[in-house]
Amino acid sequence: MIRHIVLFKIAGDDEAARADGVAELAGALEPLAEVIPGVRSLRIVADGSGIDFHWHAALVSEHDSWEALAAYQAHPEHVRVLQNVIPRVSRDKAVVDYEL
């Protein structure tokens, strides 16, 4: 099983705007776990610390295999969702993938 973690900075001038962005990100991405084969789980979590330099949100997903992760990333629904949420996310992100 592969765990895929993506850290995001959310666009917005204040905490309320960023919280809306995290909710929008979750609403768009979390349903993909039910649509894309090989995705065991997918959730978006918000940083609750309020510390300025922290990442605002994390996507944590688990996939059956490296091939399933690659299929998720290339899946048309994932690509479509990303095009819709990109304006809410700054260009900064960090990604870690590892085998469980």
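A short reminder: the numbers here are calculations on the coordinates, not readings from a lab. In this text the structure is predicted, and so the values were computed from the model without any measurement.
What percent do you get for the relative contact order of the chain when only Cα pairs under 8 Å and 6+ apart count?
Here the relative contact order equals 46 percent.
If amide H atoms are built 1.01 Å from N in the plane of the peptide, which residues on other chains or at least 5 residues away come under 5 Å of the amide H of V89?
A11
For the chain, what is the mean residue ellipticity at 222 nm derived from helices alone (per DSSP H run of n ≥ 4: -39500 (n - 2.57); sum divided by total residues; nearest 500 deg cm²/dmol)?
-11000 deg cm²/dmol
Could you bin all the Cα-Cα distances of the chain into 5 Å bins starting at 0 and give me the percent of pairs in each, rounded to whole numbers?
Histogram of Cα-Cα distances, whole percents per bin: 2, 14, 24, 25, 18, 10, 5, 1.
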